[in-house]
Amino acid sequence: MKKYFYNSHYLNSNDLSTVIDSLKRNTLSQGSYQKLLEEKIKKKFNVKYCIAVSSATAGLHLAYKSLGLKKNDYIITSTMTWNATTNAAIFCNATSKLVDISDKNFCIDTKKLENFIIKAKKKPKIIVPVHFGASLCNLRKISQIAKKFKIKVVEDASQAMGASYGKNIIGSCKYSDVTIFSLHPVKTITSGEGGLVLTNSYKIFKEVKLMRSHSTFKSIKKEPWSSKALKIGFNYRITEMQCALAYSQLKKLDKFLDKRSMIRKEYMNQLEEYIGSIEFQEINHLDQSSNHMMIIKFNSSNFNLQKKYKIYDFFRKNNIYLTTKYYPLHNQYPFFFKKKKYPKSEEYYLRTFCFPIYYNLKKKEIIYITNLIKKAVNIFKLNV
Ligand SMILES: Cc1ncc(COP(=O)(O)O)c(C=O)c1O
């Protein structure tokens, strides 16, 4: 029987033929598909500059570095994100401070963020709002705080390609200095592995572009036969095959988003009578979601870790491989903080699972999954 996971990519024959076309061209890296992809992204997301890189992690690293993050500096982000957000700060010899999430949309709690920054003797260098699952951070508030305290903003929009914050498409950098997208296979569109750095700042663009390839440059006038570096750089280049795939996938972005939105609606329709026992991630009605994750929270007062194991096993026996995204960062390397500092993230981690949501998921499969959710609520007495 078919196995179900929380997310999956979708490829069609156009994707395959575009990748093959990239192989037929002379250049395998830093060629015409990279240019095409970057140009198309700039237009689609209404932003001045785009640099395609090997992953979103690489993009975050370059963005932080371009903003001058260094030893004794720190970034501030939410404890509910993938390790990449904070690892990229370690790559810059800097550290991270964590803030708890809102218990409704599971994104950074901006009140707590503001309180932290007001009280902090040394202010963070960068605020990194992570658009999480299906929801977007309160960018207006974050940008107000950042302006007041002269802090930079890097949106980690790895999960949010195609989402809009009010009327502003994520990627336009209306409220931030840089936005990062991931092209990992579970994301809205994929290149296998890959990332995109978007900015309206020419200075950031130049820096990121240079560091993508060891910061080496050619002088046309002096010794034009060679290239040299004046500072550290990296190999964060992305191949032409990957750019070709992302370029082809981008044509399907709207189709992917529509389907994800329909799937979320179907879950909500099927489970309408169970609202209360279960809860969905809150999405601001003014925003358009990328619906990256279908997070369901079990609200019952008798819910505990043992029940979570039982629910997990129950779904696994029925071929649904559940996951909880993420293990809270504050309990992992290099943080290991006391749990009580982040009660909402702890609660979220205990009570949620991510259910399947992806382009190829059929209505009858959603009904199969939601029937299992109903059964689980009844079997494990989760409606109290
Ligand atoms: C919030 C967040 N940030 C960063 C990343 C890193 O993306 P990549 O795997 O492209 O480096 C991910 C990927 O899961 C993510 O979800």
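Tabulated results
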{"quantity": "Unique residue being outside any loop (DSSP other than H, G, I, E, B), in contact (Cβ under 8 Å) with a residue 12 or more places away in the chain and acidic (Asp, Glu) when the list is Glu273, Glu279", "calculated": "Glu279"}
{"quantity": "Odd one out for Asn360 among (1) away from the ligand (no atom under 16 Å from the Cβ); (2) surrounded by fewer than 16 Cβ atoms within 10 Å (Cβ to Cβ); (3) within 18 Å of the chain's Cα centre (by Cα)", "calculated": "(3)"}
{"quantity": "Matching entry among Ala134, Ala146 (being crowded, with 16+ Cβ neighbours inside 10 Å, among the small types (Gly, Ala, Ser) and within 17 Å of Glu282 (Cβ to Cβ))", "calculated": "Ala134"}
{"quantity": "Candidate set from segment 97-121 (those that are without any contact (Cβ under 8 Å) to a residue 24 or more places away in the chain and of a type outside the set (A, V, I, L, M, F, W, C)); member that is nearest to Lys141 (Cα to Cα)", "calculated": "Lys111"}
{"quantity": "Test: Ser176 is surrounded by 19 or more Cβ atoms within 10 Å (Cβ to Cβ), of a type in the set (Gly, Ala, Ser), touching a Leu at 6+ places or on another chain (Cβ under 9 Å) and modelled with pLDDT of 95 or more", "calculated": "yes"}
{"quantity": "Where a residue in segment 368-384 is of a type in the set (Ser, Thr, Tyr) and its partner, wherever it lies, is not in a helix (DSSP H, G or I), with Cβ under 6 Å and at least six apart", "calculated": "Thr370/Leu271"}
{"quantity": "Complete set of residues in segment 338-384 that are of a type in the set (A, V, I, L, M) and not in a helix (DSSP H, G or I)", "calculated": "Ile357, Leu361, Leu382, Val384"}
{"quantity": "Residue list for segment 199-242, restricted to those being surrounded by 12 or more Cβ atoms within 10 Å (Cβ to Cβ), out of contact with any helix residue (DSSP H, G or I) (no Cβ under 7 Å at 6 or more places or on another chain) and among the aromatic types (Phe, Trp, Tyr)", "calculated": "Phe205"}
{"quantity": "Criterion (under 23 Å from the mean Cα position of the chain (by Cα) and among the polar types (S, T, N, Q)) met by exactly one of Ser22, Ser54, Ser13, Ser32", "calculated": "Ser54"}
{"quantity": "Which listed residue is in a loop (DSSP other than H, G, I, E, B), within 16 Å of the ligand (Cβ to nearest atom) and either in the same structural domain as Ala89 (by TED's automatic domain parsing) or surrounded by fewer than 24 Cβ atoms within 10 Å (Cβ to Cβ) (or both), from Val186, Val154", "calculated": "Val186"}
{"quantity": "From the options Ala84, Ala160, Ala88, Ala120, residue that is modelled with pLDDT of 95 or more and more than 23 Å from Pro334 (Cβ to Cβ)", "calculated": "Ala160"}
{"quantity": "Residue ID - nearest to the chain's Cα centre (by Cα), chosen from residues in segment 61-85 that are more than 13 Å from the ligand (Cβ to nearest atom) and of a type in the set (A, V, I, L, M)", "calculated": "Ile76"}
{"quantity": "Test: residue in segment 38-60 that is closer than 22 Å to Val186 by Cα, among the aromatic types (Phe, Trp, Tyr) and either away from the ligand (no atom under 12 Å from the Cβ) or touching a strand residue (DSSP E or B) at 6+ places or on another chain (Cβ under 8 Å) (or both)", "calculated": "yes"}
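Yes or no, residue by residue, for (1) buried (at least 19 other Cβ atoms within 10 Å of the Cβ); (2) outside any helix (DSSP H, G or I):
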| residue | (1), (2) |
| --- | --- |
| Ala244 | yes, no |
| Ser261 | no, no |
| Met268 | no, no |
| Asn284 | no, yes |
| Lys307 | no, no |
| Asp313 | no, no |
| Tyr327 | no, yes |
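Results for (1) closer than 22 Å to Lys203 by Cα; (2) more than 16 Å from the ligand (Cβ to nearest atom); (3) outside the structural domain of Ile357 (by TED's automatic domain parsing), shown as yes or no for each residue.
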site: Ala120; (1), (2), (3): no, yes, yes
site: Ile127; (1), (2), (3): yes, no, yes
site: Val130; (1), (2), (3): no, no, yes
site: Leu136; (1), (2), (3): no, no, yes
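The values are calculated or read from the model by the stated rules, or taken from the named source; none is laboratory data. For clarity, every value in this text was computed on a predicted model and none was experimentally measured. Using ideal geometry, Cβ is built from the backbone for each residue, glycine included, and neighbour counts are taken over all protein chains shown.
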